[in-house]
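One structure is given below, encoded as structure tokens.
The values are calculated or read from the model by the stated rules, or taken from the named source; none is laboratory data. None of the values given here were measured: they were computed from a predicted structure. Don't worry about glycine lacking a Cβ; one is built from the backbone with ideal geometry, like all the others, and counts go over all protein chains shown. Protein only, heavy atoms only, side chains kept; ligands, DNA and RNA dropped before computing areas. Shrake-Rupley method; radii C 1.70, N 1.55, O 1.52, S 1.80 Å.
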Amino acid sequence: MPNAETEPIAGELHIAYQRGWSTDEPTWAVLTHDEATAAELAAHLGGRVREVPVRAGAVEVLLDRDALKATLCGSTSVVNRSVQRQGPGASRTDHAASAAAARSTVAKFGRRRTCDQMVEARAGVGPRPEVSLRIRIAGADDLGAFRLTSTSWEFVESVRVLAAEASSAGERVTVMLSIHTNRMTTRSGMTVVFVHPRLSALEPLAESIRWSLAA
């Protein structure tokens, strides 16, 4: 099997809707520019392939499922970024913190640090985090590495803890990626749907950190 740390990204994992409406049930989907990869992914995991009109040459595989088992491999599986909004654009800073630094950050600041960052970001005076995971999808391991990128605060925080533990262990880490849906009704009676990815760790992570990954 090719080295997951150096091979090209085969596609982008993201949350999509069957008919493009936010009132639909969300599903995991993969965006790729390789029709062969799309066809094999659909054959391995089920689902259907559709074209993406706004992305020339791109196809999307709707997997018809809200949970995926995946594996993080290698030291480059997790990339953290800080996204600072500046007018219509945004600046991004990539950083790869060491395992010791990640553990120190969690131990020293805990969730209060994330809360402070949220307040500053919403006020427009601070950056918000963005995290990318390089994964292999269970059942389609031979198709290569895929990437999931999210700016969900809850997801970023769970990845922060996972990255520290996984780097310390130096092991392949198996995770479950699920879709969390939150529906709210406005005062005008309109239903608003928010979705974001949710991360839960499977073996070999210690039982003692499961609470921080599922929150």
I need every pair where a residue in the stretch 48-65 that is without any contact (Cβ under 8 Å) to a residue 40 or more places away in the chain has its Cβ under 7 Å from the Cβ of a residue that is open to solvent by 90 Å² or more (accessible area, probe 1.4 Å) and not hydrophobic (A, V, I, L, M, F, W, C), sequence separation at least 6 or different chains. GLY57/HIS33; ALA58/HIS33; VAL59/GLU35; VAL59/GLU51
Given (1) of a type outside the set (Asp, Glu); (2) modelled with pLDDT of 85 or more; (3) under 23 Å from LEU13 (Cα atoms), PHE194 misses just (2)
Any residue at all in the stretch 100-117 that's open to solvent by 40 Å² or more (accessible area, probe 1.4 Å) and at pLDDT 85 or above? no
Single condition ASP94 does not satisfy, out of (1) of a type in the set (Asp, Glu); (2) out of contact with any helix residue (DSSP H, G or I) (no Cβ under 8 Å at 6 or more places or on another chain); (3) modelled with pLDDT of 70 or more: (3)
Selection status of ALA164, modelled with pLDDT of 60 or more and crowded, with 21+ Cβ neighbours inside 10 Å: yes
